[in-house]
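**Q** The structure under discussion is supplied below as C-alpha cells; questions concerning it will follow.
Bear in mind these aren't lab numbers, they're just calculated from the coordinates by the rules spelled out. Being a predicted model, the structure only gives us computed values, none of them experimental. Here Cβ is always computed from backbone atoms with ideal geometry, including for glycine, and neighbour counts include all displayed protein chains.
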C-alpha cells in the first residue's frame, strides 16, 4: 500500500494491486472475467466525499467506453464514465449506503464492474499502475496545497490573501 501523507490536508492510500484511470479518479481491479471499479481516496478528497449515487444504465447492459454510468452527488454533481466497454453490473449496496464509498473505497465501496468483450489485459492497456497514478497526482495542481488550506494556492490568490492579512482594519464605529 502506498500513501500520500498530505493531499489537501488528508492522508490518502493508493493500493499497489490495482490499475488507475486518473481522468475519472477510478481504480480498477481484475476479478475473474470482470474488472471492478471504484473511486480512489484522492478522487474522494477532491470531490469532498459522496452524498449519493444513482445508476445511469441497467444491470447487464452493454456499455461503450466513455458512456456515463454513474451520477454522483458530491460537493458538486459528477458523472462517471465507463473507462472500458462491456456488460455492466452495479454494487447496489453502495447505492443504499453511499458512505461506504468514502469509508471503504478499495474493498466494499466499489461501484460497478464490467465484463469486457475483449481480453482484460487489452481492456486495461490505457490504465496506469500505482506509481504512475502517484506521479500524476504529484505533477498536478492538487498537491500545491498539501495542508488543504482554504482560499486557493495560485500566485494571484497568494498575493491577494497576503495583502489582506497585512491590511490594518480600523473600526470607526
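**Q** Under 1.5 on a/c is rounded, so check that first for the stretch 1-148, then, if it is not, pick prolate when a/b is larger than b/c and oblate when it is not; a ≥ b ≥ c are the square roots of the alpha carbon gyration tensor eigenvalues.
**A** Judged from the Cα gyration tensor, the stretch 1-148 comes out oblate (a/c at least 1.5, b/c at or above a/b).
**Q** If each of residue 125 and residue 61 carries a label point 7 Å out from its Cα toward its Cβ, how far apart are those two points in nm?
**A** Each label point is offset 7 Å from its Cα along the Cβ direction, giving 2.7 nm.
**Q** Obtain the nm distance between the two label points defined at residue 6 and residue 107 by a simple spin-label model: each point lies 7 Å from its Cα along the Cα-to-C-beta direction.
**A** 3.0
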